[in-house]
Each structure stands twice: as structure tokens, then as C-alpha cells.
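Bear in mind that the values in this text are calculations on the coordinates, not laboratory data. Bear in mind the structure is a predicted one, so any value in this text is a computation, not a measurement. So basically every Cβ, Gly included, is an ideal-geometry build from the backbone, and we count neighbours across all protein chains shown.
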Amino acid sequence: MKKKKNKKRSQFGEVWHRLKKNKIAVASLIILILIFLTSALAPVLAPYNYDQEDFNASFAKPSKEHLLGTDRLGRDILSRLLYGSQQSLKIGIYSTAFAAVAGILLGALAGYYGGRIDNLIMRFLDIYQGIPMFLLCVTLAAVLGPSLRNAIIAIAISSVPGYARMMRASILTVGEMEYIEAARAINATDKRIILKHIIPNAISPLIVMITMSMGSSVLAGAGMSFIGLGVQAPIPEWGAMISDARSFLRGHGELALYPGICVIITVLAFNLLGDGLRDALDPRLKN
């Protein structure tokens, strides 16, 4: 008789095995992959350049030439949506990445060292979080000047406290584990203990937070572009496209509907994938 080989899954394989059972999370992942692909291939997929104008075709209805119609300047809506996805995703990815790195490092320092360093960092973050996130974003963007880069910086800075608090809470749990005591016993440096042992083992809750924060950052970026503090014309961005359509909502409401649907689908997909990852990364749910 042949013996069955019980191959032990890697940690990634175990997480993926549990994630696959969540059909909504998998569907969200597929949708996000498609959004990223269409964004990357926008120059190939878009039938027109995003700033190509045709005043003879202003407010054209959907047709073979313009599948979703045109705006007031005769620019193809589908092309602008495809190119606009690049700007929206840039805001979501870059601002989340910068905020996560800064927040994880601050939280790691606070949780590992404790005492005065912990009190200093946490009290600073308490004051920081007393300012509403969007108000802080708007203030920073107004001071720095309206642009894609400054919108990313503003959103990233306003998102740091959440990551720092989450990392600190995780480290307070992980810091008392036996392998940390063993690392200290062999005189491992604080830098090595934090980077090689504590952060990797405390990162699971942050993966979920990062996933969901990307959706929040996309939404925040659309809001800032809507009020004129994000991506500037003629470069398309979903929030800016909604803002451009405000004056024509009664007669041409689809101009705001299309980018609005793109924002909703993207944010919802990030949130649902984050929910699925939370369940997949929870060791209590192992079979």
C-alpha cells in the first residue's frame, strides 16, 4: 500500500488555503487584479488619449466611437476612466505604503522600549489624532499646494497614528514571547530583535489594516481631487472627474456616475478583501 504524503503547508500556503474558502474575498481579489491590470495597460486599452478634445462631439451619447460617451470638451469618458485609475491607485498605494512604514517603526519603538519613549510617542499621537483625518489632509494639501504628490504626502501623514497604535499593541503581545527572550539572552541587538523577530511576528493585523487603508486612501484622494487639492487638470482622476461633472448633473448625470461607480467598486473590493484576510490570518480559525 502506498503511504499518503502529508505535506505541511507553508505559512503563506495555509493563509491562501483559508482565503480561498471565502468566495467574496477571492472575487474581490480578482476585481482588484483586473483594476490594476487595466490601470497598467491604460495606454494600450484606451481608445483615445485622455486629453484629446473634439468640440463637435461634446456630450456625445455612447456609441461605437465612444463606448461611454464624451464630456463637455468632447473627451472620451472611457479613456479618462482608464487613465484616471492610475492616479487613484497611485494615491492609494503610495500614501498607504509611506504611512505604514512610518507607523510601524514608531509603534515598534514605542512598544519595544516602553517607558518615556512610549509615553512621548503615544501622547504625541493622541494630539495628532485629535484632528479629523480629512481636515488634516485638506490643511496639509492647502499648505503644500495642490498636486498628486502633495495629496499623497497629506494622506500618508494623517494615516500614521493608526498604524503606530496597531503595531504597538501587537508588539506588547509578541514582546513577552520565549523567542524574544532567547534573542535577548544571546545578546542580539535591539535593531535585530525589532526588525527580524518582533515586526515579522506582529505584522498579521497590519496586513489587514494596510489592505483596508488602501481603499480609504483612494476615497480620501478622490475627495481631495473633488475639492481641487489633489490631481490637477487636465490629468484625469476619478474624484476630479466627478467634480467636473457637478454643473451637468441634471442633463448628463452619467458623467459623475461612471467615476463614482469606479470609486465604489475599488473601495468595496479593498474592504472585502481585508475582511477575508482578517479571517485567513486569524490562527484561531485553523482547521
- Item | Calculated [θ] (222 nm, deg cm²/dmol) that DSSP helices of n ≥ 4 give over the chain, each run adding -39,500 (n - 2.57) | -22000 deg cm²/dmol
- Item | Helical segments meeting 18 Å axial Cα length and Kyte-Doolittle 0.5 threshold in the chain (DSSP H) | 23-40, 77-113, 148-174, 204-226, 254-281
- Please report Rg over Rh for the range 27-69, where both radii come from the alpha carbon positions and Rh follows the Kirkwood definition. 1.11
- What shape does the chain have by the C-alpha gyration tensor, where a ≥ b ≥ c are the square roots of the eigenvalues, rounded means a/c under 1.5, and otherwise prolate means a/b greater than b/c and oblate the rest? oblate
- Run down the aspartates and glutamates and flag those whose C-alpha is under 14 Å from the C-alpha of Lys20, throwing out any fewer than 8 positions away in its chain. Asp275, Asp279
- Which whole-number percent gives the relative contact order of the chain, counting Cα pairs below 8 Å spaced six or more residues apart? 24
- the chain: longest segment with zero exposed GluC sites (Glu not before Pro), where exposed means DSSP loop plus at most 14 other C-beta atoms within 10 Å, is residues 177-287
- For the range 196-287, run through the trypsin sites (Lys or Arg not before Pro) and keep only the ones in DSSP coil with at most 11 other Cβ atoms within 10 Å of their Cβ. Arg250, Lys286
- For Leu45 and Phe248, extending 7 Å from Cα along the Cα-Cβ vector and measuring point to point gives, in nm, a value of 2.3
- Query: Contour minus end-to-end for Arg116 and Leu34, with contour as 0.36 nm per residue of separation and end-to-end as the Cα-Cα distance?
  - Reply: 24.8 nm
